[in-house]
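See structure below.
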Amino acid sequence: MSNKPRVVFIGSGEIGLPTLQWLANSSLLHLAGVVTQPDKPVGRSQLLTPPPTKRMAIALNVPILQPLKIRRTEELSLIENLSPDLIVVMAYGQILPKALLEMPSLACLNLHASILPRHRGAAPIQAAILAGDQLTGMTIMYMSAGLDTGDILLTRSVRIGRRETAGSLHDRLAKLGPEALAPALDLILSKEAPRIPQDESQASYAPKLESESGIIDWSRDCWYLDRLVRAMDPWPGAFTLVHAADDTIRKLKVHRALPIHRIAGKPGVVIRFGSRGIVVACGNGALLLLGVQLEGKRRMAATEFARGFALPVGTALGSEGAGN
């Protein structure tokens, strides 16, 4: 055991779980510890909940560190006590200081869910769908002080499906993590790993999602709004605003939709009901709403929602409808 390189995994999100499990099972490495975010209150009850990586680390019986701020000297000392030869980072959520990047004797590697330098930042999966990309993937990179700017070791690509959601793509990329990391570590251990500088002229940025990131701008074309619905699924969800019968303005989440390019109307106005759902005009074309969820209610088919909610043809959705 002592002859195996010691690896510390740093991450918090579910996307890193297959990679963490692979590291634990590796016959070439010794998983010395897991660094993750502190437990946080979740839901209406604000129940203190551990990150997914902590739950897995407990099951794996490996040491766990949960620094509030990883930059602090005392926190860095605790990580250094784990004597990492290799650090593997995936979806952690804090900026790592230079002292940590230089700590391992072999490398500090980051798994990023895009083909860098495209979609640097916190939400590359959603950004790829929203941009209409046909390909994305996983990049294994050497960590640097910049935001996802380090040299590339290798990449693995996957095709984005025609009806792909952020949720389904997340799950596929999570499985791709260990498939990409395995050959990368072989190259590291054999001292044959390349360092490929990123082409800065091709860089783009995928900012962190907020609860309002999914708001629907009906002036956009139907193809963009279709991508928005899929990119924001499951969180934060694409949504519009509706004027309820009790004279309140409510959010209406759109979980499933289809673009219709041969229909025209005033953007944001309901122009048709059909056997499949509600048709709302866009800046170009229309969006067929298939699955929706009114704020405070359960998810349902758009046809069921239309039967129980006053939403006649001619109703304006979004900020215009909310102001009526």
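Relative to the longest principal axis of the Cα atoms of the chain, helix 222-231 runs at roughly 40 degrees.
How long is the gain from residue 77 to residue 217 if the chain were fully straight, where each residue apart is worth 0.36 nm and the alpha carbon distance is subtracted? Don't jump to the answer; show the numbers that get you there.
Values: separation 140, 0.36 × 140 = 50.40 nm, distance 4.85 nm.
Full extension of this stretch gives 45.5 nm more.
Can you tell me the relative contact order of segment 1-157? Whole percent, Cα pairs under 8 Å, sequence separation 6 or more. Reported relative contact order: 20 percent.
In whole percent, and with a 1.4 Å probe on the protein chains, what portion of the accessible area of segment 130-170 is carbon and sulfur?
Values: 930 of 1800 Å².
Carbon and sulfur: 51 percent of the exposed surface of segment 130-170.
Surface analysis of the chain yields an accessible area of 49 Å² per residue, using protein heavy atoms and a 1.4 Å probe. Phi angles of segment 52-67 translate, via the Karplus equation with coefficients 6.51, -1.76, 1.60 and θ = phi - 60°, into HN-Hα couplings of x, 5, 5, 4, 5, 4, 4, 5, 7, 6, 10, x, 10, 10, 10, x Hz per residue; Gly and Pro are given as x.
Over the chain, with a Gaussian network built from C-alpha contacts below 10 Å, which listed residue (244, 166, 180) shows the highest mean-square fluctuation? Among 244, 166, 180, the largest GNM mean-square fluctuation belongs to 244.
If R0 is 35 Å, what FRET efficiency do you get for residue 60 and residue 244 from their C-beta distance, rounded to 0.05? Walk me through the numbers on the way to the answer.
Values: r = 49 Å, r/R0 = 1.39.
Rounded to the nearest 0.05, the efficiency is 0.10.
Report the convex hull volume per residue for segment 96-139, counting only C-alpha atoms, in Å³. Walk me through the numbers before you get to the answer.
Values: hull volume 3.0 nm³, N = 44.
Enclosed volume per residue, from the Cα hull, is 68 Å³.
Surface composition of segment 232-313: carbon and sulfur atoms hold 53% of the protein heavy-atom accessible area at a 1.4 Å probe.
Under the convention that each Lys and Arg Cβ holds +1 and each Asp and Glu Cβ holds -1, the size of the dipole of the chain around its Cα centre is about 880 debye. Based on the convex hull around the alpha carbon atoms, the chain presents an average projected area of 18.7 nm².
Computed over the chain with a Gaussian network model linking Cα atoms closer than 10 Å, the most mobile of 203, 127, 174 is 203. Residues whose amide H comes within less than 5 Å of that of residue 10, counting only those at least five positions distant or on another chain, are 35, 88, 89, 90 (H built at 1.01 Å from N in the peptide plane). In the chain, the calculated helix contribution to ellipticity at 222 nm averages -7500 deg cm²/dmol per residue, counting -39,500 (n - 2.57) for every DSSP H run with n ≥ 4. Here the 3J(HN,Hα) profile of segment 296-302, calculated from phi with Karplus coefficients 6.51, -1.76 and 1.60 at θ = phi - 60°, is x, 10, 7, 5, 7, 5, 4 Hz, Gly and Pro shown as x.
Classify segment 223-324 as rounded, prolate or oblate from the Cα gyration tensor: take a ≥ b ≥ c as the square roots of its eigenvalues, call it rounded if a/c is under 1.5, otherwise prolate when a/b beats b/c and oblate if not. Don't skip to the end; give the middle numbers.
Details: a/c = 1.37, a/b = 1.12, b/c = 1.22.
Taking the square roots of the gyration eigenvalues as a ≥ b ≥ c, segment 223-324 is rounded.
Among 249, 278, 64, the residue with the largest mean-square fluctuation in a Gaussian network model of the chain, with springs joining Cα atoms closer than 10 Å, is 249.
Distance from the C-alpha centroid of segment 275-296 to that of segment 35-105: 42 Å, rounded to the whole angstrom. Relative to the 2.2 N^0.38 Å rule of thumb, segment 32-113 has a C-alpha radius of gyration ratio of 1.14.
Taking 0.36 nm per residue of separation and subtracting the Cα-Cα distance, full extension of the segment from residue 266 to residue 145 would add 38.8 nm.
Centre-to-centre separation between the Cα atoms of segment 126-167 and those of segment 224-243: 21 Å.
The values are calculated or read from the model by the stated rules, or taken from the named source; none is laboratory data. Note that the structure is predicted; figures quoted are calculated from it, not measured. All Cβ positions, even for glycine, are placed from backbone atoms using ideal geometry, and neighbour counts span all protein chains on display. Keep in mind that these areas ignore ligands, DNA and RNA; they rest on the heavy atoms of the full protein, side chains included. Shrake-Rupley method; radii C 1.70, N 1.55, O 1.52, S 1.80 Å.
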